[in-house]
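Notes for the one structure printed next.
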Amino acid sequence: MHCSSSAQPGPAWLGVFLATALPPLLAYNLTPSATLFNQLLAMAAWGTLLLFLARRVPLGVGRAMSIALLLLLLAVLASPSFNALPLPLALQGMALLSASWAMVRFGRGAGDGHSPLWTGFCFGLLLAGLAGLLIGCIQVFAPQFSDGTLIARSGIPGRAVGNLRQPNHLASLLMWSCVAAVWLSAAGKLRRPWMLPALLFALVFGVVLSASRTGMIGVLLLALWGLLDRKLARAQRFALLATPLMLAASWALLAGWAHLGEHTFGAESRLAEGAGSPSRLAILANAWTLLKMHPWTGVGWGEFNLAWTMTPFPDRPTAFFDHTHNIVMQLLVELGWPLGLTVLGLLLWSVWSAFRASQRASGETALMKRCAFMIVLMIGLHSLLEYPLWYAYFLLPTAFALGICLGGDASAAAAAPRRGFFTLPAWLLRGVGALLVAGSLFAVWDYLHVVDIYVPPADAGPLEQRIARGQRSVFFSTQADYAAATSLPPGPAALAAAKRTAHNLIDVRLMMAWAKSLAATGDVDRARYVVARLREFRSKQAEDWLAECEETRAAGMAEPFQCQPPSRDYSYREMR
C-alpha cells in the first residue's frame, strides 16, 4: 500500500491532516457519552482515507501485530457466548480491532520521510496540540468562555482538560504534538530556528496546565530521546534536552500566578497527592487477585468491571472502575495467562520490531520512523497508567504510526509484487474503510435513539416508549438498558435490563436498582449479595437507603431485605 509524494499530494495530505486534527478538537457531545462523537469522527475520517488511498501491501509486514489483533478479535467474538457479553459491546470491540488492523497496514503507505501522508499526520498532530493548548488556557484562565459546544467545560478547577475532557488525554495529545514538531523542524517545515523551542515550551506549558503526572513523565521521555538519539540534528537535540527546564519554568510561572491572585493551581495540588494514585494501586491489586482466581481463561473480554464489582473486596477503592488502568494487567485479567501472555508477547515483539526498524532506517525515512516510534512509545507509557487505546482517536493514529515503523520505504513498497499469495488485496482494506465510514454514520443515527431517553425533545413520547426504542439500538442498547434498570419499577423487566447493562459500567444507582429488582422477583439472597458489594464502596449516594436498617420499626414489621447479609458468596458469573 503505497502513496508516493507525487501521487495525489493534495487529497492525501489534507485527508490525513483532518483525520488527525479534528477528532480530538470536537467539543460537541450529547448525553450519555462525552466522547462518542470524537471516536466516531476518528473512525469515519480514517476510514475515508482507507477507502480512497489504500493499496495492496505485503502480508509479511506487521505479521505479529496482525496475529495479536486476530486473537483479540476471537476473544471478543467468543465473549457473548461464553460470558454473556451483550452483542452491542462486542460489536464495538470488533470495530475498533478491525480498524486498528487496517490502520497498521495503511501506515506502510507513508512512504519516505516527505510523503504527504506523514507530513499531513505531523501537521495534524501539531495543530491538534496547539488548539488543545488554547482550549486549555481558556479553561484555566477564562473558564467563563467555555461554552460546552466549541470549548468543553473543565470539571476540575485549575486544570486543563481539552475538548476530550480528560487531563491525561490532553497531555498525551500535547506529547504527540511535541514529537510532530521535532520532525517538522528537522524536515525544514518550520522555517525559523526559534520555532521548535518556542513550540515545545508552549506545549510543555500545556502539560503543566493539565496537571497530568503521566504528561510530566512524558516530558522526561522527550529529554531522554534528545540525550540518546545521536542521529538527530544538534538543534533538535538541544530543544528536547531543554524540555525539563521548560517544565520547571512553566511550573514556576503558574505557581506565581496562582499565589498572587489566589487562583487554583491544579498541578501543585495534584503533585501533593504523591507520585502514584492509591486508588490505581488498589485496583491493580484487586485485578491481580482476580487473575489468581481465574488464571486460565481470565474473566472474559469486556468483563473486568462486572467481575471486579461482584467479587468481594473489602479494601476496594471507592471509585467505580471499568478498566485496570494498565494494558498489561487488563489483557491478563480478561484473557488469562495463556492467551494474555501470547497476545502481550506478540505486541511486545511488534514494538521491538518497530524500534529496530527505526534504528536501522537511513536517510529521510530514518527520522520519520524514529518519530513514529516515539509516538507509539508515548502512548505506550500512557497505557501503563490509563487506557487511551480504548479510544479510537488514540488507537487509530497509534496503529498508523506503528505501521510506518513496521513497513518498508517508498522504493520497497513500489517493488512489492503486484499479485500472489504474499500480498493483501487493496479491495479488502478499502472494504474495511467503507464499513468504518458507513458504520460511523449509522452509529450517529443509532445513538440518537438513546439520547432521546436522557435528553428528551419537546415532542418526546413516554419514557417507557423511548427506553424500548433505545433498547433496539444496534450499538448502544446497554445504555438504554441502564435507563430501564434504574427508572422502571423493580421487577423482571428492570432486572433483565440491569443484568445486561452491568456488562458496560456499574455504579451505585444501578446496584441499588439491581438489588431491588432481584428482591422483587424473589431472589432475595442474590439481592443481599449485591447490597454487600455496594457497602464496600462506602458511597454517600447509598447512605439514605442503607440507613433504613438503623430505623426503629414497630413490632412485627419486617426488616428491609438490604439489612441482612447474604447466605453465601456468588461468583460474578452467577450474577449475569
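The values are calculated or read from the model by the stated rules, or taken from the named source; none is laboratory data. Everything quoted here is computed from the prediction, not taken from an experiment. Reconstructed Cβ throughout: ideal geometry from the backbone, glycine too, with neighbour counts over all protein chains shown. Accessible surface is based on the protein model in full, side chains and every heavy atom, while ligands, DNA and RNA are left aside. Shrake-Rupley method; radii C 1.70, N 1.55, O 1.52, S 1.80 Å.
Of note:
- Those residues of region 167-213 which are more than 19 Å from K231 (Cβ to Cβ), touching a residue at least 60 places away in the same chain (Cβ under 8 Å) and either touching a Cys at 6+ places or on another chain (Cβ under 9 Å) or surrounded by fewer than 24 Cβ atoms within 10 Å (Cβ to Cβ) (or both), in sequence order: N168, L199, A202, L203, F205, G206, L209, R213
Residues checked against (1) charged (D, E, K, R); (2) open to solvent by 40 Å² or more (accessible area, probe 1.4 Å):
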position: R56; (1), (2): yes, yes
position: A68; (1), (2): no, no
position: A84; (1), (2): no, yes
position: P88; (1), (2): no, no
position: F106; (1), (2): no, no
position: A110; (1), (2): no, no
position: P116; (1), (2): no, no
position: D147; (1), (2): yes, yes
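- Checking each residue in region 440-482 for being of a type in the set (D, E, K, R), open to solvent by 40 Å² or more (accessible area, probe 1.4 Å) and either touching an Asp or Glu at 6+ places or on another chain (Cβ under 8 Å) or more than 19 Å from T501 (Cβ to Cβ) (or both) picks out D459, R469.
- The helices (runs of 4 or more DSSP H) found wholly in region 274-390 and carrying at least 2 residues that are of a type in the set (S, T, Y) and open to solvent by less than 20 Å² (accessible area, probe 1.4 Å) occupy 337-360, 364-383.
- Some residue of region 552-562 being touching a residue at least 24 places away in the same chain (Cβ under 8 Å), basic (K, R) and not in a helix (DSSP H, G or I): no
- Scan of region 536-562 for residues that are surrounded by 15 or more Cβ atoms within 10 Å (Cβ to Cβ) and more than 28 Å from the chain's Cα centre (by Cα), ordered by number: A542, W545, L546, P560, F561, Q562
- Failed item, numbered, when V530 is tested on (1) surrounded by fewer than 16 Cβ atoms within 10 Å (Cβ to Cβ); (2) within 32 Å of the chain's Cα centre (by Cα): (1)
- Selection status of F475, at pLDDT 95 or above and in a loop (DSSP other than H, G, I, E, B): yes
- Whichever residue in region 37-54 is in contact with a Gly (Cβ under 8 Å, 6 or more places away or on another chain) and not hydrophobic (A, V, I, L, M, F, W, C) and, among such residues, is surrounded by the most Cβ atoms within 10 Å (Cβ to Cβ): G47
- With respect to the conditions (1) at pLDDT 95 or above; (2) open to solvent by 50 Å² or more (accessible area, probe 1.4 Å); (3) assigned to a helix (DSSP H, G or I), L495 falls short on a single one, namely (2).
- Qualifying residue in region 17-36 (condition: of a type in the set (A, V, I, L, M, F, W, C), over 20 Å from the mean Cα position of the chain (by Cα), buried (at least 20 other Cβ atoms within 10 Å of the Cβ) and at pLDDT 95 or above): yes
- The test for being in a helix (DSSP H, G or I) and either open to solvent by less than 50 Å² (accessible area, probe 1.4 Å) or more than 24 Å from E364 (Cβ to Cβ) (or both) does not hold for L232.
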